[in-house]
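The values are calculated or read from the model by the stated rules, or taken from the named source; none is laboratory data. Quantities reported herein were computed from a predicted structural model and do not represent experimental measurements. Backbone-built Cβ (ideal geometry, glycine too); neighbour counts: all protein chains shown. Just so you know, the surface numbers come from the protein's heavy atoms only, side chains and all, with ligands and any DNA or RNA stripped out. Shrake-Rupley method; radii C 1.70, N 1.55, O 1.52, S 1.80 Å.
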Amino acid sequence: METKVIKVTEKNMDEAMALAGSLIKDKELVAFPTETVYGLGGDALSEGSSAKIYAAKGRPSDNPLIVHIADFNDLERIVSKLPPEAKLLADAFWPGPLTMRFKKNDVVPDKTTGGLDTVAVRMPNNEIALKFIKAAGGFIAAPSANRSGRPSPTLAEHVKEDMDGIIPLILDGGPVGIGIESTIVDLSEDEISILRPGYITAQMIEEVIGKKVTLDAAVDGVSKDAHPKAPGMKYRHYAPKAELILVEGEEKHVLETIVDKAMNATIAEPIGLMLKEKHAEYVKSKLFKIPKEAIIIKTIGNKDDEAAHELYKVLREFDEENVKVIYSESVGNDGIGQAVHNRMIRAAGHNILNA
Ligand code: TXA
Ligand code: MG
């Protein structure tokens, strides 16, 4: 299959949406931009389309898909119970990087929810995404548009790397805004909990609903026995080809440890370093005795939101390099830092070095 990439502009918007909408109605898949990461869209109400999504990603079919909508009123058509918090959170954060989980009704095929009786729903904050969802009939099932186990795509080029020849159309909307996936909050049970951290934090949600929000025990893999409510959290995700080691502790010690480890690099076996921009020069200067080609440094900005934006791109870039091991600085653990930290821990397969 030939994969067409359309760079969507104001000028070709209507034409692009007509094509994308008709492909979805023909049960084909279309990749599209959102504010978090690129999604791989199919008709959420069609079992066949969901099956195609799992196949295209190479994803286990017990790992449910998020349903994307463009109109709050459409929510009622797919859930069996709409708790009052849904409206409050939608007013505050939709369109935006928040996914809410509800008890589903029979309109949503079991295939879309991986056999669960719940459905996760979000309204993305991206003009192309919203127009595409409308053109396609209102309900788009979309996981991140990467092959299973690869970092989520933050550029249309990343989607092309993973999906070329597999899907008919990629809508290119340029680089995404946030760079890591949406927060998932569970409203299907009495206790409200975060199943996946993201840009919208537990505290932001608590402020809106006036209720305590807990963090699912499985989120950072704190408890190995915990059965994650979001099945996706149990798979080793976002894994780079090289071994990724996350170095944590006091900043000074972290940098010393990274320099120490990088001293072992040779041209035959280069070492990758993932650093904050402000530390790159310092680390380089300490490694002046090591041949340039032996150290591959990539930076993830300085602030946590910059790290969110750069992380997946940098992980993909490392896959192109001949490195077997990458040492990375960690990020703060509050605000969006918590979500970035969660993705880093998982990319590292819990491989953490305390400096
Ligand atoms: O930002 C995002 O949410 C992106 C963009 C494309 O919207 N989508 C995304 O989808 O990250 P995906 O499939 O890569 O991740 C969805 C996660 C998985 O961990 C899955 O297990 C969980 O959401 N999930 C989906 N439906 C669920 C449900 N009913 N119950 C529990 N977890 C669910
Ligand atoms: Mg994903």
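Some points to look at:
For (1) under 17 Å from Ile184 (Cα atoms); (2) of a type in the set (S, T, N, Q), each residue gets a yes or a no:
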residue	(1), (2)
Glu85	yes, no
Asp91	yes, no
Thr99	yes, yes
Phe102	yes, no
Pro109	no, no
Gly114	yes, no
Phe132	no, no
Ala136	no, no
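- Flag for Gly149 being at positive phi, away from ligand 2 (no atom under 13 Å from the Cβ) and not polar (S, T, N, Q): no
- Odd one out for Pro124, checked against (1) open to solvent by less than 10 Å² (accessible area, probe 1.4 Å); (2) part of a strand (DSSP E or B); (3) of a type outside the set (S, T, N, Q); (4) near ligand 1 (Cβ under 8 Å from one of its atoms): (2)
- Where strands (runs of 3 or more DSSP E) fall entirely within the range 288-355, those with at least 3 residues that are in contact (Cβ under 8 Å) with a residue 60 or more places away in the chain and more than 18 Å from His158 (Cα to Cα) are at 325-329, 352-354.
- Evaluation of Ile166 against (1) modelled with pLDDT of 95 or more; (2) under 30 Å from Leu353 (Cα atoms); (3) assigned to a loop (DSSP other than H, G, I, E, B) (one fails), failing number: (2)
- Qualifying residue in the range 196-217 (condition: within 15 Å of ligand 1 (Cβ to nearest atom) and out of contact with any Ser or Thr (no Cβ under 8 Å at 6 or more places or on another chain)): no
Yes/no per residue for (1) over 18 Å from the mean Cα position of the chain (by Cα); (2) outside the structural domain of Ile66 (by TED's automatic domain parsing); (3) within 16 Å of ligand 2 (Cβ to nearest atom); (4) touching a residue at least 60 places away in the same chain (Cβ under 8 Å):
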residue	(1), (2), (3), (4)
Glu85	yes, no, no, yes
Gly96	no, no, no, yes
Lys103	yes, no, no, yes
Pro124	no, no, yes, yes
Pro143	no, no, yes, yes
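- Meets criteria (more than 16 Å from ligand 1 (Cβ to nearest atom) and buried (at least 16 other Cβ atoms within 10 Å of the Cβ)) for Pro168: yes
- For the range 67-113, the candidate set comprises residues that are open to solvent by 20 Å² or more (accessible area, probe 1.4 Å) and within 10 Å of ligand 1 (Cβ to nearest atom); within that set, the residue that is nearest to Val208 (Cα to Cα) is Arg101.
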